[in-house]
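Got a structure here, written out as structure tokens. Questions coming.
The values are calculated or read from the model by the stated rules, or taken from the named source; none is laboratory data. Quantities reported herein were computed from a predicted structural model and do not represent experimental measurements. Glycine also receives a Cβ, built like all others from the backbone with ideal geometry; neighbour counts cover every protein chain displayed. In case anyone asks, the SASA skips ligands and DNA or RNA and just uses the protein heavy atoms, side chains included. Shrake-Rupley method; radii C 1.70, N 1.55, O 1.52, S 1.80 Å.
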Amino acid sequence: MYPARFEYHAPASVDEALELLERYADEGKVLAGGQSLIPLMKLRFASPRALVDINRIHGLDSIQEDNGFLSIGALVRHADCERSEELRGRFGVLGDAAPQISDPIVRNRGTVVGSLTHADPQGDWGSALMAAGAQLEVASSGGTRTILLDELFQGPFTTSLQPNELATAVQIPDPGARAGGTYLKLERKVGDYATVGVAVHLSFDNGTVGRAGIALTGVGPRNIRAENAEAALAGAELSDEKIQEAAELAAQAAQPRSDERGSADYKRSVVRVFTERGLRKAAETATA
Ligand SMILES: Cc1cc2nc3c(=O)[nH]c(=O)nc-3n(C[C@H](O)[C@H](O)[C@H](O)COP(=O)(O)OP(=O)(O)OC[C@H]3O[C@@H](n4cnc5c(N)ncnc54)[C@H](O)[C@@H]3O)c2cc1C
């Protein structure tokens, strides 16, 4: 099916984009990689009056460390992350997630930030970045603000972003020298959305866990932070008992539904197993 008629704008600067978003308010939509928005428009689930294509804006396509944050710009594609040296080791949760997203065609166009603003509960970046404690950097004609991902995701395909706001980057706090993480994804076939995904990100401080981040994909109406599991690990030694306790708490945080991909019990038990595996791998990377 063809999309409904729309106006098309390709601003050359962030300021120009913000002026357009202000003008069209909730009748305008940002176009980044188009991997989610264009299919929705073709199905006529979305019929914006105007598209604000940000692909010609310079300066939004880099991954850089700045002021204690690693910043991933709004035009950084999944494939850029797959190839990035910065997203290994301490930021391994991100480097591990990137190649597990769909296929090379989607990864070449789709953006990390577009994934977050789309807020699909089966989106892999939401969990990987939430585990890493990330925040979205947002601009509007009124100024800039940051939103923690936990506060960004309101429900399926719903965020706290306002129609006049442009997300310019996602920022990940520096986890310190001894940190590691991973993203584990169960999919029916390569390139599929997650039946279950678990993101784990650990930083260590004098031999004990400093900060623990654990987030779940595909087992609830949004990406879920396993807060009780994180709290059980913070400040503790990462013993076998602690790992099992955290894995059990993560499984309890999941809100899976039975469907053609598996029963709720099965998905919950995958969360338990993946959390345990993820914690062991994160600890290995952090102490390597
Ligand atoms: C066949 C297929 C398989 C896929 N498989 C997976 C998968 O396994 N895992 C996974 O995580 N994802 C998957 N996806 C989704 C993919 O990751 C998309 O790239 C991503 O969801 C959206 O990014 P985008 O840049 O294409 O955004 P777009 O489609 O351009 O936009 C998506 C939404 O975000 C808004 N938006 C985009 N950028 C901004 C911004 N900077 N500021 C404000 N609003 C913005 C748009 O207005 C729109 O509402 C798949 C997609 C396809 C087509």
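Given the options Leu148, Leu161, name the one that is open to solvent by 10 Å² or more (accessible area, probe 1.4 Å), of a type in the set (A, V, I, L, M, F, W, C), in contact with a Leu (Cβ under 9 Å, 6 or more places away or on another chain) and more than 13 Å from the ligand (Cβ to nearest atom).
Result of the check over Leu148, Leu161: Leu148.
Please give the number of the condition Lys281 fails out of (1) open to solvent by less than 50 Å² (accessible area, probe 1.4 Å); (2) touching a Ser or Thr at 6+ places or on another chain (Cβ under 6 Å).
Going through (1) open to solvent by less than 50 Å² (accessible area, probe 1.4 Å); (2) touching a Ser or Thr at 6+ places or on another chain (Cβ under 6 Å) one by one, Lys281 breaks only (1).
Right, next: So which of Asp120, Asp61 is away from the ligand (no atom under 11 Å from the Cβ) and open to solvent by 20 Å² or more (accessible area, probe 1.4 Å)?
The unique qualifying residue is Asp61.
Is it the case that some residue within the stretch 244-254 is under 22 Å from Arg88 (Cα atoms), open to solvent by less than 30 Å² (accessible area, probe 1.4 Å) and more than 13 Å from the ligand (Cβ to nearest atom)?
Step one: list which residues in the stretch 244-254 are under 22 Å from Arg88 (Cα atoms), which gives none.
Checked against the condition, which is being under 22 Å from Arg88 (Cα atoms), open to solvent by less than 30 Å² (accessible area, probe 1.4 Å) and more than 13 Å from the ligand (Cβ to nearest atom), the stretch 244-254 yields no hits at all.
To continue, here is another question. Answer with yes or no whether Glu137 is over 30 Å from Thr287 (Cα atoms) and among the charged types (D, E, K, R). Lay out the reasoning, then the answer.
Numbers: over 30 Å from Thr287 (Cα atoms): yes; among the charged types (D, E, K, R): yes.
Criteria met by Glu137.
Here is a further query. With within 20 Å of His201 (Cβ to Cβ), open to solvent by 60 Å² or more (accessible area, probe 1.4 Å) and more than 11 Å from the ligand (Cβ to nearest atom) as the only criterion, which of Arg90, Arg83 stands out? Before the answer, list the steps.
Numbers: Arg83 fails: within 20 Å of His201 (Cβ to Cβ).
From the options Arg90, Arg83, the qualifying one is Arg90.
Separate question: Output yes when any residue across the stretch 130-140 is more than 12 Å from the ligand (Cβ to nearest atom), touching a residue at least 40 places away in the same chain (Cβ under 8 Å), in a helix (DSSP H, G or I) and touching a strand residue (DSSP E or B) at 6+ places or on another chain (Cβ under 6 Å), and no when none is. Spell out the reasoning first.
The initial filter retains those residues of the stretch 130-140 that are more than 12 Å from the ligand (Cβ to nearest atom), namely 130-135.
Pick out the ones that are also touching a residue at least 40 places away in the same chain (Cβ under 8 Å) and you get 130-133.
So of that shortlist, the ones also in a helix (DSSP H, G or I) come out as 130-131.
Now narrow it down to the ones that are touching a strand residue (DSSP E or B) at 6+ places or on another chain (Cβ under 6 Å): 130-131.
For the stretch 130-140, residues more than 12 Å from the ligand (Cβ to nearest atom), touching a residue at least 40 places away in the same chain (Cβ under 8 Å), in a helix (DSSP H, G or I) and touching a strand residue (DSSP E or B) at 6+ places or on another chain (Cβ under 6 Å): present.
Please tell me if Arg109 is within 24 Å of Lys185 (Cα to Cα), within 24 Å of the chain's Cα centre (by Cα), without any contact (Cβ under 8 Å) to a residue 12 or more places away in the chain and surrounded by 13 or more Cβ atoms within 10 Å (Cβ to Cβ). Please lay out each step first, then the result.
Details: within 24 Å of Lys185 (Cα to Cα): yes; within 24 Å of the chain's Cα centre (by Cα): yes; without any contact (Cβ under 8 Å) to a residue 12 or more places away in the chain: no; surrounded by 13 or more Cβ atoms within 10 Å (Cβ to Cβ): yes.
When the stated conditions are applied, Arg109 does not pass them.
Among the residues in the stretch 7-18, are any in a helix (DSSP H, G or I), open to solvent by 60 Å² or more (accessible area, probe 1.4 Å) and within 24 Å of Gln135 (Cβ to Cβ)?
The first filter runs over the stretch 7-18 and keeps only residues in a helix (DSSP H, G or I), leaving 14-18.
Now narrow it down to the ones that are open to solvent by 60 Å² or more (accessible area, probe 1.4 Å): 15-16.
Adding the requirement that they be within 24 Å of Gln135 (Cβ to Cβ) leaves 15.
Yes, that holds for at least one residue.
Also, I was wondering about something else. If you scan the stretch 257-273, which residues turn out to be open to solvent by less than 20 Å² (accessible area, probe 1.4 Å) and either closer than 20 Å to Gly180 by Cβ or not charged (D, E, K, R) (or both)?
At the first step, the residues of the stretch 257-273 found to be open to solvent by less than 20 Å² (accessible area, probe 1.4 Å) are 262, 267, 270-271.
Once the filter is applied, which keeps residues that are open to solvent by less than 20 Å² (accessible area, probe 1.4 Å) and either closer than 20 Å to Gly180 by Cβ or not charged (D, E, K, R) (or both), the stretch 257-273 yields Gly262, Val270, Val271.
Are any of the residues in the stretch 263-280 at pLDDT 95 or above and outside any helix (DSSP H, G or I)?
In the first step, residues of the stretch 263-280 are kept if they are at pLDDT 95 or above; the result is 263-280.
In the following step, the residues that additionally are outside any helix (DSSP H, G or I) were identified as 263.
Yes, the stretch 263-280 contains at least one residue that is at pLDDT 95 or above and outside any helix (DSSP H, G or I).
Those residues that are more than 7 Å from the ligand (Cβ to nearest atom) and among the β-branched types (Val, Ile, Thr), I need them from the stretch 98-115; list them, please.
Ile105, Val112 - these are the residues of the stretch 98-115 that are more than 7 Å from the ligand (Cβ to nearest atom) and among the β-branched types (Val, Ile, Thr).
Test Ile54 against the criterion of being open to solvent by 10 Å² or more (accessible area, probe 1.4 Å) and of a type in the set (A, V, I, L, M), and give yes or no.
Working: open to solvent by 10 Å² or more (accessible area, probe 1.4 Å): no; of a type in the set (A, V, I, L, M): yes.
Spelling it out, it is not the case that Ile54 is open to solvent by 10 Å² or more (accessible area, probe 1.4 Å) and of a type in the set (A, V, I, L, M).
Of the residues Gly143, Gly95, which is more than 8 Å from the ligand (Cβ to nearest atom) and surrounded by 17 or more Cβ atoms within 10 Å (Cβ to Cβ)? Let's see the steps before the verdict.
Working: Gly143 fails: surrounded by 17 or more Cβ atoms within 10 Å (Cβ to Cβ).
Answer to the selection: Gly95.
Exactly one condition in (1) surrounded by fewer than 21 Cβ atoms within 10 Å (Cβ to Cβ); (2) within 16 Å of the ligand (Cβ to nearest atom); (3) in a loop (DSSP other than H, G, I, E, B) is false for Gln154; which is it?
Only one criterion is unmet by Gln154, namely (3).
If I ask for residues that are closer than 20 Å to Glu86 by Cβ and of a type in the set (Asp, Glu), which ones from the stretch 114-158 would you list?
Within the stretch 114-158, Asp124, Glu137 meet the criteria.
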